[in-house]
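The values are calculated or read from the model by the stated rules, or taken from the named source; none is laboratory data. Source: prediction; values computed, not measured. All Cβ positions, even for glycine, are placed from backbone atoms using ideal geometry, and neighbour counts span all protein chains on display. Just so you know, the surface numbers come from the protein's heavy atoms only, side chains and all, with ligands and any DNA or RNA stripped out. Shrake-Rupley method; radii C 1.70, N 1.55, O 1.52, S 1.80 Å.
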Amino acid sequence: MLILGIETSCDETSAAVVADGRLVKSNIVSSQIAAHAPFGGVVPEIASRQHVKAIAYVVEAAISEAGVTKDDLDAVAVTYGPGLAGALLVGLSFARGMAAGLGIPLIGVNHLEGHLHSVWLTTETPLPSPPLLPMMALIVSGGHTELVLVRDHGDYEVVGRTLDDAAGEAFDKVARLLGLPYPGGPSIQAASAPADAPVPLPRAKLPGTYDFSFSGLKTAVLHRVVEMATGRDVNAARGQSLPDVDVAESLSEQQIADMAAGFQESVVDVLASKTAQAARDFAVRSVAVVGGVAANRLLRLRMREEINLPLYISELAYATDNAAMIAGAAYYSNRQAPGLLDVEPSLSLQSHRTGAGVA
Ligand code: KG4
Ligand code: ZN
């Protein structure tokens, strides 16, 4: 079964053709990073317009690179949430038009369910064995940080989540604070490389839960960089407003490297240890790490050290937002559910009933 996937929930316009939920025939990703970079983050209105400009070309490219024609497609799958409403609408409208024109089903896919399915994707034949279930999956992206018990396709239990910032969001905010370019994850990773004394920073362990919190860490970074830049003890000056300094200008490259590395270690430490704990407590057969932050080298390394079970980490091409994971998830969903598909910007994993598609 050949499914065309379409993903436009945030700042990547992507289309892909995937066979039987696993074999990636093509995966085209058009990134909008350059359009948003001057603003230091994703601007929703710009994202929608960029999707409108790119989508037809991206879909054409995905079909031709797969070496198939539109008539070979069995279904069109599209992300309908969570994400930016305007951005989601562009993908959904395009997908609906295409499915109607071709007379094939339209399958709505939860973006997070897509991320989970990134570890089923491959370009290898014969296909490698599928991931073992039940699985403990860490979803770490710009908008989400969740620990999900995956009992089966479509059977999920969110056992922990961030109480404030998502891990990727924390990377993006701290990068901005350090004067590093957007997106922050890759910038912090690169800036950390020359560190010789990573700055020790707090870890919010939130014992007894599988939840995360990154806002305290972000504030700790802010205080430390202001101290480094001004020589003033921020804690002693509690209650007074922080001096207005351009941190990026005031810190040396070495100080930025040490701060970036300290931040990265703190985030990775909490993510890896909580995931390992949840995997033990729920006696799962495997562990997965998916989403944009799964591209982080230190996280990949620490996970391999901490996890003694089969470990599946999204390949780089399928870690950040892409449509192959959407086509993959669609294959495993129940396509019979009735109802008119509409965008759901705040869709969560547990509120999702797989197969919200309509032909
Ligand atoms: O999954 P994704 O592409 O989009 C969302 O669904 O949010 O994730 C994007 C996030 C951004 O916050 C970005 O900074 C982060 O993933 N990211 C990374 C790395 N590459 C991307 N974070 C840490 N290290 C990386 N190498
Ligand atoms: Zn995502």
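Counting the residues of the stretch 97-131 that are of a type in the set (A, V, I, L, M, F, W, C) and within 24 Å of the chain's Cα centre (by Cα) gives 8.
Residues in the stretch 1-57 that are in contact with a Phe, Trp or Tyr (Cβ under 6 Å, 6 or more places away or on another chain), part of a helix (DSSP H, G or I) and over 23 Å from Gly328 (Cβ atoms): Ala37 alone. Put simply, of Leu102, Leu2 the only residue that is at pLDDT 95 or above and within 30 Å of Met135 (Cβ to Cβ) is Leu2. Tell me, yes or no, whether the stretch 37-47 has at least one residue that is crowded, with 18+ Cβ neighbours inside 10 Å and within 15 Å of ligand 1 (Cβ to nearest atom). Yes, the conditions are met somewhere in the stretch 37-47.
Rundown of residues vs (1) within 15 Å of ligand 2 (Cβ to nearest atom); (2) more than 30 Å from Ile6 (Cβ to Cβ), yes/no style:
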{"site": "Phe263", "(1), (2)": "no, yes"}
{"site": "Val270", "(1), (2)": "no, yes"}
{"site": "Gly292", "(1), (2)": "yes, no"}
{"site": "Leu299", "(1), (2)": "no, no"}
{"site": "Tyr318", "(1), (2)": "yes, no"}
{"site": "Met325", "(1), (2)": "yes, no"}
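If you go through the stretch 219-230 one residue at a time, do you hit one that is farther than 30 Å from Ser333 by Cβ, touching a helix residue (DSSP H, G or I) at 6+ places or on another chain (Cβ under 6 Å) and outside any helix (DSSP H, G or I)? Among the residues of the stretch 219-230, not one is farther than 30 Å from Ser333 by Cβ, touching a helix residue (DSSP H, G or I) at 6+ places or on another chain (Cβ under 6 Å) and outside any helix (DSSP H, G or I), which makes the answer no. Tell me yes or no: at least one residue of the stretch 65-75 is open to solvent by 50 Å² or more (accessible area, probe 1.4 Å), away from ligand 1 (no atom under 16 Å from the Cβ) and free of Cβ contacts under 8 Å to residues at least 24 places away in the same chain. Within the stretch 65-75, one or more residues are open to solvent by 50 Å² or more (accessible area, probe 1.4 Å), away from ligand 1 (no atom under 16 Å from the Cβ) and free of Cβ contacts under 8 Å to residues at least 24 places away in the same chain. With respect to being in contact with a strand residue (DSSP E or B) (Cβ under 9 Å, 6 or more places away or on another chain) and open to solvent by less than 10 Å² (accessible area, probe 1.4 Å), Ala317 falls outside the description. For the stretch 123-170, filtered to residues that are outside the structural domain of Gly291 (by TED's automatic domain parsing), closer than 17 Å to Ala288 by Cα and without any contact (Cβ under 8 Å) to a residue 40 or more places away in the chain, the residue that is surrounded by the fewest Cβ atoms within 10 Å (Cβ to Cβ) is Ser129.
If you take the residues in the stretch 301-314 that are outside any helix (DSSP H, G or I) and open to solvent by 10 Å² or more (accessible area, probe 1.4 Å), which one is nearest to ligand 2 (Cβ to nearest atom)? Spell out the reasoning first.
In the first step, residues of the stretch 301-314 are kept if they are outside any helix (DSSP H, G or I); the result is 307-314.
So of that shortlist, the ones also open to solvent by 10 Å² or more (accessible area, probe 1.4 Å) come out as 307-313.
On the way: Ile307: 22, Asn308: 28, Leu309: 24, Pro310: 23, Leu311: 20, Tyr312: 17, Ile313: 15 Å.
This residue is Ile313.
In this structure, is Gly101 open to solvent by less than 50 Å² (accessible area, probe 1.4 Å), assigned by TED's automatic domain parsing to the domain that holds His51 and assigned to a helix (DSSP H, G or I)? Lay out the reasoning, then the answer.
On the way: open to solvent by less than 50 Å² (accessible area, probe 1.4 Å): no; assigned by TED's automatic domain parsing to the domain that holds His51: yes; assigned to a helix (DSSP H, G or I): yes.
Spelling it out, it is not the case that Gly101 is open to solvent by less than 50 Å² (accessible area, probe 1.4 Å), assigned by TED's automatic domain parsing to the domain that holds His51 and assigned to a helix (DSSP H, G or I).
Kindly indicate whether any position in the stretch 179-198 is surrounded by fewer than 17 Cβ atoms within 10 Å (Cβ to Cβ), touching a Ser or Thr at 6+ places or on another chain (Cβ under 8 Å) and over 26 Å from Ser348 (Cβ atoms). The answer is yes, given that some residue of the stretch 179-198 is surrounded by fewer than 17 Cβ atoms within 10 Å (Cβ to Cβ), touching a Ser or Thr at 6+ places or on another chain (Cβ under 8 Å) and over 26 Å from Ser348 (Cβ atoms). For Leu88, the conditions (1) touching a residue at least 60 places away in the same chain (Cβ under 8 Å); (2) in a helix (DSSP H, G or I); (3) away from ligand 2 (no atom under 16 Å from the Cβ) all hold with the exception of (3).
The condition of being touching a Lys or Arg at 6+ places or on another chain (Cβ under 8 Å) and not in a helix (DSSP H, G or I) holds for only one of Val199, Val150, that being Val199.
Of everything listed in (1) closer than 16 Å to Ala37 by Cα; (2) assigned to a loop (DSSP other than H, G, I, E, B), the single unmet condition for Glu169 is (2).
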